[in-house]
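Report on the structure given below.
The values are calculated or read from the model by the stated rules, or taken from the named source; none is laboratory data. Keep in mind that this is a model prediction, so the values were computed, not measured. Because the Cβ atoms are built from the backbone with ideal geometry, glycine has one as well, and the counts that use them run over all protein chains shown. Ligands, DNA and RNA are stripped out before the accessible areas are found, and what is left, the full protein with its side chains, is counted by its heavy atoms. Shrake-Rupley method; radii C 1.70, N 1.55, O 1.52, S 1.80 Å.
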Amino acid sequence: MSATHAGSKIIERLLRDPIFTQCHYPALARLLPAIEERVCPVDTALFQANTPAEGLFLVTSGTIRLQKEDGSTVLVEHDRCGEESATDFAGYFVTCLAITPVEALFIPRTALRALVAEQPQVQISCVGALMSRMSGQHLPTLAPKASTRKPDDHTSSQSVGWLLATLLPIGVLVAGEHWNLDRNISSFLAISAATVMMWMFTLVDDYIPGLFAIVAILMAGLVPPAVVLSGFTSNGFLMAMSILGLSTVIVSSGLGYRTLLLLLYHLPGSRFWNNFGLAMTGFFLTPMIPSINARLAMVTPFFEDMVQNLRFTPQGGAATQLAVSAFNGVSLMSALFVTSKSVNFALFSLLSPQAQDQFQGMGWLTAASVFALIMLLAHGVCASVLLRNQESPRLDKTRLESQLALLGPLKHREWAALLGIGVFILGMASSSLHRIQPTLLGMAIFYGLLLFGSLRKKELTEKVDWPFLLYLCELTGLVSVFNHLGLDQHLASALPTLGVTMRDDFGLFVLLLFLLVSLVRLVIPISITIIVLITLFIPLAGVYGVNPWIVGFIILIFGEIWFMPYQCSYYQKFQEVNTLYRESTFLAFNAWMNLFRLLAIYASFPYWKMLGLL
């Protein structure tokens, strides 16, 4: 028998087995060299009960008998035995005898363990098969979820996106020659066109288009490498890495969860204080966890528990008010801290070094404080008008007490997270005294967490959002290239009316920006809208003498505007619990808050003028 034919027989037998046919072909290909073909004469044992499970047998011909310790037997033909080898059980449960001459494939335990590490469903299926055999009943296991989208299954919009990402750069290059643009500028615009199309149509993960742009710019030699790679040495990157490390320790140590429990336990038991506590929990997490999705994931279980424990009517007014408090608690203030959202770091990175000194630490929050107060007031007014109800809550504090007792005293890592938070806040508040930049302070805390083992290597690898950090560096590098090529000046001359409006009639500019963002957000996701607009408008603001932070801050606020659920990815996640609240009321509340966002921006004008920012 040729080796090729033997290999085909083995593959055919593997693919006939319901367990192995679930595996990816590359995993089966790696398994193949370990498989042995064995022949067992009649009346010989393939393995004995209570002996070490050394491997699994796939019977290709013949009949075997499985004998349990209670004396019962099962005849098996063209099946499998020895599934214990793919589990954590040490030995075989049964004795396996060949009733006729048997040919089988033997898969050693070491090879199976390697397969299970890559394909965990193999172990689940083997355990299910064992339990069925031992109990004498068929016990079905849950089938692995079928992928809703194959890697090569593109939707029509993606096809359009790839077509535009291919053709648009060609059009830009042709137009560049027609307009006598510098070759480097034309090439950069062509690369940018392809990058933006990949972002707009969500063709790949967010960080990949930027990486494509960086590599293309380096290969084309459009600017010195130090310019396009400047994001990796920027303050924004260092600050983001520090905060992500600290937030990882806060979450993984359990400090965030303990804080939520304490807040709910110590607050009075009225409906107002329940909502206040839930919203304040979100506010507390906002500067510490730089992701709305992560904050929402932490708060949503509390919302569910509170609706049940307070015995609110599902989809009633009180439950809907709690939903609004939970959602707005983690999202309403996301533009008020540089550390509360990934795109805030991107805006921070695009500011000049002088502006970064001014708005790092408490400077950002101070400049946004009037906006924050107005939005809190608006939240209270809308809640009292739209969410009025008479339901009375009853919070089960004994359960909270039990949960806190189960957590026990503060652990070492929680103390480390607390110390990191305290040093960071005090350091930022007193930066004018010690002259240490918050970026360096954050890096020192990050180093301390690593040095003392509070941030573990596995968490650093798996929990810190490295694709986001790469994405941030790419954006900073692209804006540096934009400015290095003089495109900020070209943009200012190409959009003179908008620039003049920004400088001479800022109120009208804000209204136009609100309408523009509202239209763009109908089709483009939040983060991409914000990134594209701050990339365009921050340089324009610098040219026309308008404070770039104010323009960027307004874009951050307007970029969060959404009316329909599909426009907001983190709300879509929150929709999983929409059986507990009345969604129509929730969306009406959100629409009113969008209007208040615009009014709060206008109301901040006098304060910004008083600070000399406007």
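Given the structure, is GLU177 under 30 Å from THR21 (Cβ atoms) and either open to solvent by 70 Å² or more (accessible area, probe 1.4 Å) or modelled with pLDDT of 85 or more (or both)?
Values: under 30 Å from THR21 (Cβ atoms): no; either open to solvent by 70 Å² or more (accessible area, probe 1.4 Å) or modelled with pLDDT of 85 or more (or both): yes.
No, not satisfied.
Scan region 107-146 for residues that are at pLDDT 85 or above and charged (D, E, K, R) and jot them down.
Across region 107-146, the qualifying residues are ARG109, ARG113.
Please specify each residue of region 534-551 satisfying the condition of being under 18 Å from VAL338 (Cα atoms) and at pLDDT 85 or above. Explain how you work it out, then say what you get.
First, pick out the residues of region 534-551 that are under 18 Å from VAL338 (Cα atoms): 534-535, 538, 547-551.
Those that are under 18 Å from VAL338 (Cα atoms) and at pLDDT 85 or above: ILE534, ILE538, ASN547, PRO548, TRP549, ILE550, VAL551.
Mind checking which residues of region 51-70 are under 24 Å from LYS9 (Cα atoms), β-branched (Val, Ile, Thr) and open to solvent by 10 Å² or more (accessible area, probe 1.4 Å)?
THR60, THR63
Taking region 534-561 as the search range and keeping residues that are among the small types (Gly, Ala, Ser) and without any contact (Cβ under 8 Å) to a residue 60 or more places away in the chain, which one is farthest from PHE327 (Cα to Cα)?
Within region 534-561, the first condition is being among the small types (Gly, Ala, Ser), and the residues that meet it are 541-542, 545, 552, 559.
When the remaining residues are screened for being without any contact (Cβ under 8 Å) to a residue 60 or more places away in the chain, the result is 541, 545.
Numbers: ALA541: 33, GLY545: 37 Å.
If we take residues in region 534-561 being among the small types (Gly, Ala, Ser) and without any contact (Cβ under 8 Å) to a residue 60 or more places away in the chain, then GLY545 is farthest from PHE327 (Cα to Cα).
Given the criteria at pLDDT 85 or above and either crowded, with 21+ Cβ neighbours inside 10 Å or over 17 Å from LEU278 (Cα atoms) (or both), does MET333 qualify?
yes
Please verify whether LEU263 is over 30 Å from LEU472 (Cβ atoms), in contact (Cβ under 8 Å) with a residue 12 or more places away in the chain and open to solvent by 10 Å² or more (accessible area, probe 1.4 Å), treating the condition exactly as stated. Spell out the reasoning first.
Numbers: over 30 Å from LEU472 (Cβ atoms): yes; in contact (Cβ under 8 Å) with a residue 12 or more places away in the chain: yes; open to solvent by 10 Å² or more (accessible area, probe 1.4 Å): yes.
Yes, satisfied.
With (1) open to solvent by 20 Å² or more (accessible area, probe 1.4 Å); (2) under 28 Å from THR339 (Cβ atoms); (3) modelled with pLDDT of 80 or more as the list, and MET288 as the residue in question, which single condition is left unmet?
Among (1) open to solvent by 20 Å² or more (accessible area, probe 1.4 Å); (2) under 28 Å from THR339 (Cβ atoms); (3) modelled with pLDDT of 80 or more, MET288 violates only (3).
Could you figure out which of (1) open to solvent by less than 60 Å² (accessible area, probe 1.4 Å); (2) not in a helix (DSSP H, G or I) isn't true of THR202?
Unmet for THR202, out of (1) open to solvent by less than 60 Å² (accessible area, probe 1.4 Å); (2) not in a helix (DSSP H, G or I): (1).
Would you point out which residue out of THR585, THR579 is outside any helix (DSSP H, G or I) and over 20 Å from ALA335 (Cβ atoms)? Break it down into steps so the answer makes sense when it comes.
Numbers: THR585 fails: outside any helix (DSSP H, G or I).
The conditions single out THR579.
Go through region 366-405 residue by residue and tally those that are in contact with a Gly (Cβ under 9 Å, 6 or more places away or on another chain), farther than 17 Å from GLY277 by Cβ and exposed (fewer than 14 other Cβ atoms within 10 Å of the Cβ).
2
Please verify whether THR248 is under 24 Å from GLY420 (Cβ atoms), of a type in the set (Val, Ile, Thr) and without any contact (Cβ under 8 Å) to a residue 40 or more places away in the chain, treating the condition exactly as stated. Before the answer, list the steps.
Values: under 24 Å from GLY420 (Cβ atoms): yes; of a type in the set (Val, Ile, Thr): yes; without any contact (Cβ under 8 Å) to a residue 40 or more places away in the chain: no.
Here the answer is no, as THR248 does not meet what is asked.
Looking at region 406-450 only, could you name the residues that are among the small types (Gly, Ala, Ser) and not in a helix (DSSP H, G or I)?
Taking region 406-450 first, the residues among the small types (Gly, Ala, Ser) are 408, 416-417, 420, 422, 427, 429-432, 442, 444, 448.
Result: GLY408, SER430.
Could you grab me the full set of residues in region 219-237 that are in a helix (DSSP H, G or I) and either modelled with pLDDT of 85 or more or surrounded by fewer than 17 Cβ atoms within 10 Å (Cβ to Cβ) (or both)?
The first filter runs over region 219-237 and keeps only residues in a helix (DSSP H, G or I), leaving 219-220, 225-228, 230-233, 235-237.
Of everything in region 219-237, those that are in a helix (DSSP H, G or I) and either modelled with pLDDT of 85 or more or surrounded by fewer than 17 Cβ atoms within 10 Å (Cβ to Cβ) (or both) turn out to be MET219, ALA220, PRO225, ALA226, VAL227, VAL228, SER230, PHE232, THR233.
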